[in-house]
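Laboratory data are not the source of any read-out in this text; all were calculated from the coordinates shown. The shown structure was predicted, so the numbers you read here are calculated from the model rather than taken from an experiment. Cβ placement follows ideal geometry from the backbone for every residue including glycine, while neighbour counts extend to all protein chains displayed.
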Amino acid sequence: MAKPSIKDGTIEPWARGMRELARRPLVCCKLSGMVTEIGRPHWTVADLRPYVEVVLEAFGPERVLFGSDWPVCWLPAATHAGWRSCRNSSRPCRRESALPFSVATPAVCTG
């Protein structure tokens with residue numbers, strides 16, 4: 001996701017750059033590392049939603065995938081919590097019926 005400033009709540013110019021990348025049909029986007037970018041232990045799905053919505057609207061669900069940044073993601077959230085938050089933050093998307101989260105099962109890495 002190109003490291004948006006989630007901690008600051010800043011969405012531009014990141015969103016503009018993501019939309020520009022999405023104009024290229026062979027470019028995909030991986031939703032990953034969002035919870036570590038928040039920079040605080042008590043975060044909500046609402047913190048992630050605007051960024052996930054930009055990605056899904058720009059790329060469409062067919063060019064978006066989810067990946068964890070394990071083991072770093074264990075610092076602010078368990079992998080399943082990160083997955084659940086990402087999935088939940090995408091639910092208001094207009095293309096909800098085509099979301100990859102609705103058909104995929106997350107792989108949880110433990111070590």
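A few points about this structure:
- Stretched out straight at 0.36 nm per residue, the stretch from Ala2 to Thr44 would grow longer than its current Cα-Cα span by 13.1 nm.
- Net charge of Cβ neighbours under 15 Å - reference Asp69; Lys, Arg +1; Asp, Glu -1: +1
- Amide H partners (placed H, <5 Å) of Phe66, local residues excluded: Leu31
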